[in-house]
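*Asks:* Before anything else, here's the structure in question.
Nothing in this text is a laboratory measurement; each read-out follows from the coordinates by a stated rule. Because the structure is predicted, anything quoted here is derived from the model rather than measured. Backbone-built Cβ (ideal geometry, glycine too); neighbour counts: all protein chains shown.
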Amino acid sequence: AAEPAPAEPSKAENEKLVVGFAQIGQESGWRDAETADLQWYAAQNIDTIDFKFADAQQKQENQIKAIKSFIDMGVDVIGLAPVVETGWDAVLTEAKEAGIPVIFLDRSAAVADDLYATFIGADFELEGRTACDEMATLLGAEGGKVVELVGTVGATAAIGRQKGFTDQLANHPEIEVIDSQSGDFTRAKGKEVMESFLKTYGAEIKGVYAHNDDMMLGAIEAIKEAGFKPGQDIKTVSIDGVKAIFEAMAAGEANVNVECNPLLGEYFFTTAAKLKAGEAVDHRIVVPAEVHRAETAAEDLPNRKW
Ligand code: GYE
């Protein structure tokens with residue numbers, strides 16, 4: 001009998017777009033959605049993309065190790081979500097010397113312009129200013145005291161979200177931020193910090209601004225356990241747009257969400273392909289977003305993609 005025809009040879013490895021991505025970890029629902037979207041996009045394009053994914057478990061040193069191993073492998077493009085903004089010069093200089101372009105995805109780093117090709121991500125200061133305007137609307141003419149749950153200290157997303165909100169307070173003198181503490185973008189720490197805010201300030205607190213939904217979801221638990229009604233006694237504004245915050249809004253336990261889009265797979269890989277081909281890309285690619293409020297949360301819920 002004739003031998004079966006050999007399977008179509010797969011595209012030679014070196015013809016594929018080989019991309020390494022140094023992910024931060026799994027601190028939030030937002031980041032899980034981002035990772036899932038990157039992996040989904042790569043899987044859809046398995047014939048043309050070879051995706052190497054590293055989870056740094058929240059540690060910068062692990063991200064640096066991952067980048068070094070991507071350089072050793074000779075990948076075409078490196079992606080990095082810098083956990084904090086500083087401490088990247090040495091490893092990014094190595095990537096540059098190896099001729100490998102670097103994409104900052106979802107957060108940026110404080111380095112010279114020639115150490116990275118582009119930063120793809122949201123406008124965090126705009127998110128912060130928007131959050132402040134929304135808080136002002138929720139608190140009305142009377143205004144009130146607000147506490148702030150800050151993201152990871154030194155992270156672009158935390159720096160910008162704090163600055164935007166603080167700058168915008170100039171237009172809302174009736175609002176006062178009485179305390180700001182980091183909850184590291186996690187639900188558990190958000191709850192812990194909110195518990196301590198409630199112990200210190202109790203019924204004085206009229207609003208909570210959280211740099212992400214996970215911290216707000218923790219804060220909502222703390223508020224309920226302290227005997228207050230989140231969404232009523234204490235108004236909430238948080239950032240990201242994960243399903244759980246839409247559920248909380250639909251249940252009347254949260255008020256406003258400023259969306260930040262984690263579905264960055266297409267942005268990331270199409271930009272990486274251009275870089276491999278030697279095409280020019282914008283040095284800053286802003287991912288747009290929207291505001292969602294409790295009033296429409298129940299309708300919005302079935303359409304949420306993350
Ligand atoms: O908002 C937060 C995550 O860097 C934009 O990081 C990202 C932020 C996101 O952990 O939930």
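*Asks:* For residue 167 and residue 290, calculate 0.36 nm times their separation in residues minus their Cα-Cα distance, and state this gained length in nm to one decimal.
*Replies:* Working: separation 123, 0.36 × 123 = 44.28 nm, distance 2.00 nm.
Length gained, residue 167 through residue 290: 42.3 nm.
*Asks:* What percent do you get for the relative contact order of the range 89-166 when only Cα pairs under 8 Å and 6+ apart count? Before the final figure, lay out the partial values.
*Replies:* Numbers: 80 pairs, mean separation 24.7, N = 78.
Relative contact order, the range 89-166: 32 percent.
*Asks:* Continuing with the same structure: Which value, in Å³ per residue, describes the convex hull spanned by the Cα atoms of the range 88-179? Don't skip to the answer; put the middle values down first.
*Replies:* Working: hull volume 8.5 nm³, N = 92.
Here the figure is 92 Å³ per residue.
*Asks:* For the pair residue 200 and residue 225, how long in nm is the line joining their label points, each one 7 Å along Cα→Cβ?
*Replies:* 1.8
*Asks:* Assign unit charges at the C-beta atoms only (+1 for Lys and Arg, -1 for Asp and Glu), then state the dipole size of the chain relative to its Cα centre in Debye, rounded to the nearest 20. Walk me through the numbers on the way to the answer.
*Replies:* Details: 28 positive and 52 negative charges, 72 e Å.
Dipole size: approximately 340 debye.
*Asks:* How high is the relative contact order of the chain, given as a whole-number percent (alpha carbon pairs under 8 Å, six or more residues apart)?
*Replies:* Working: 631 pairs, mean separation 53.1, N = 306.
The normalised contact order for the chain reaches 17 percent.
*Asks:* Among 240, 55, 89, which comes first, second and so on when ranked by fewest other beta-carbon atoms within 10 Å? Don't skip to the end; give the middle numbers.
*Replies:* Working: 240 30, 55 16, 89 13.
Going from sparsest to densest Cβ surroundings: 89, 55, 240.
*Asks:* Extension gain residue 96-residue 251, at 0.36 nm per residue separation less the Cα-Cα distance, in nm? Walk me through the intermediate numbers first.
*Replies:* Numbers: separation 155, 0.36 × 155 = 55.80 nm, distance 5.00 nm.
Stretched fully, the residue 96-residue 251 segment lengthens by 50.8 nm.
*Asks:* Okay, next question. What's the ranking of 146-153, 41-48 by average number of surrounding C-beta atoms within 10 Å, highest first? List each step's numbers first, then the result.
*Replies:* Working: 146-153: 23.9, 41-48: 14.5.
Listed from highest to lowest mean packing, they are 146-153, 41-48.
*Asks:* Here's a follow-up. Extension gain residue 65-residue 266, at 0.36 nm per residue separation less the Cα-Cα distance, in nm?
*Replies:* Values: separation 201, 0.36 × 201 = 72.36 nm, distance 2.57 nm.
69.8 nm is the gain from fully extending residue 65 to residue 266.
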